[in-house]
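To start, the structure itself, in structure tokens.
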Amino acid sequence: MSNIVNLGPSQEDRILDAARRCVDRWGINKLTIDDVATEAGVSRATLYRLFPGGKDVMFDALRVRELEDFFEGMSAKLTEVESLLDFTVKVSVYALHAMRGDQHLAMMLSTEEGTALKSLTVEGLPRILRVASQYITPLALEFIPAEEADVFVEMLARLVISYFLAPSEHFDLADPDSARKFFGPFISALNAVAAV
């Protein structure tokens with residue numbers, strides 16, 4: 001008989017899961033703390049104890065958790081890469097497939113475009129870059145020096161977001177062959193500079 005006890009999700013995770021369901025149902029702008037507390041089956045006081053500052057702090061925690069899940073999934077796809085070009089293509093393809101397939105993101109872009117755009121650009125980009133650096137930069141170190149890896153990952157994240165928000169007529173960075181054609185010349189130039 002096993003002594004392992006399944007404690008289930010933490011109270012914080014239950015609240016964040018409830019917040020996600022509420023956002024899917026009503027959107028961010030119409031959502032109240034009471035809605036989330038009711039959905040999670042906790043008191044308003046409990047929610048404020050776990051997320052001092054209320055709705056904004058709770059949504060920041062939800063965004064960070066979702067980014068961590070996103071980049072953990074991406075990291076798992078980067079275990080067997082043979083070159084910097086391979087690495088770059090896999091990051092691009094994974095990210096764009098995940099973003100295009102995210103029904104919540106699609107709903108936000110169609111119903112609360114301003115909020116969704118801010119979460120990918122002005123307000124959210126520093127958070128995205130921080131989490132991308134935390135998860136992806138260590139994997140890039142196999143191919144480029146540490147002093148260049150953060151800059152490279154930032155550039156790659158910015159490019160992928162840009163191509164997600166404004167797709168190109170010439171390249172589809174979610175398609176491995178197209179991404180390879182797009183990134184190939186840049187990676188060759190970077191490798192040539194590094195070889196000098």
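So, counting K/R as plus one and D/E as minus one, what does the shell of residues with Cβ under 13 Å around Lys181 add up to?
Spelling it out: positives minus negatives among the neighbours equals -2.
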- Note on the structure: Once Lys and Arg are counted +1 and Asp and Glu -1 for all other residues with Cβ under 13 Å from that of Ser168, the total becomes -2
- Message: Under 10 Å, Cα contacts only: if you run a Gaussian network model on the chain, which one of Ala61, Ala98, Ala45 comes out with the highest mean-square fluctuation?
- Response: Ala45
- Message: Using alpha carbons only, how many angstrom separate the centre of segment 100-162 from the centre of segment 13-49?
- Response: 26
- Task: Sequence neighbours fewer than 8 away in the same chain don't count; with that in mind, list the lysines whose C-alpha is under 22 Å from Lys30.
- Result: Lys55, Lys118
- Sorted largest first, the Cα spans of the chain on the principal axes come out in Å as 62, 49, 31
- Report in % the part of the accessible area of segment 59-154 that belongs to carbon and sulfur, leaving out ligands and nucleic acids; probe 1.4 Å. 54
- Note on the structure: Glu82 neighbourhood, Cβ < 11 Å, K/R = +1, D/E = -1, net charge -2
- Per residue, how much accessible area does the chain have with a 1.4 Å probe, in Å²? 57
- Item | Net lengthening on full extension, Arg21/Leu117 (0.36 nm per residue, minus Cα-Cα) | 32.6 nm
- Task: Working from Cα positions, state the angle (0 to 90°, nearest 10) between the long axis of helix 55-77 and the longest principal axis of the chain.
- Result: 40
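The values are calculated or read from the model by the stated rules, or taken from the named source; none is laboratory data. Computed from a prediction, not measured in an experiment: that's the story for all the values here. Glycine also receives a Cβ, built like all others from the backbone with ideal geometry; neighbour counts cover every protein chain displayed. The area values use the complete protein model at the heavy-atom level, side chains included, leaving out ligands, DNA and RNA. Shrake-Rupley method; radii C 1.70, N 1.55, O 1.52, S 1.80 Å.
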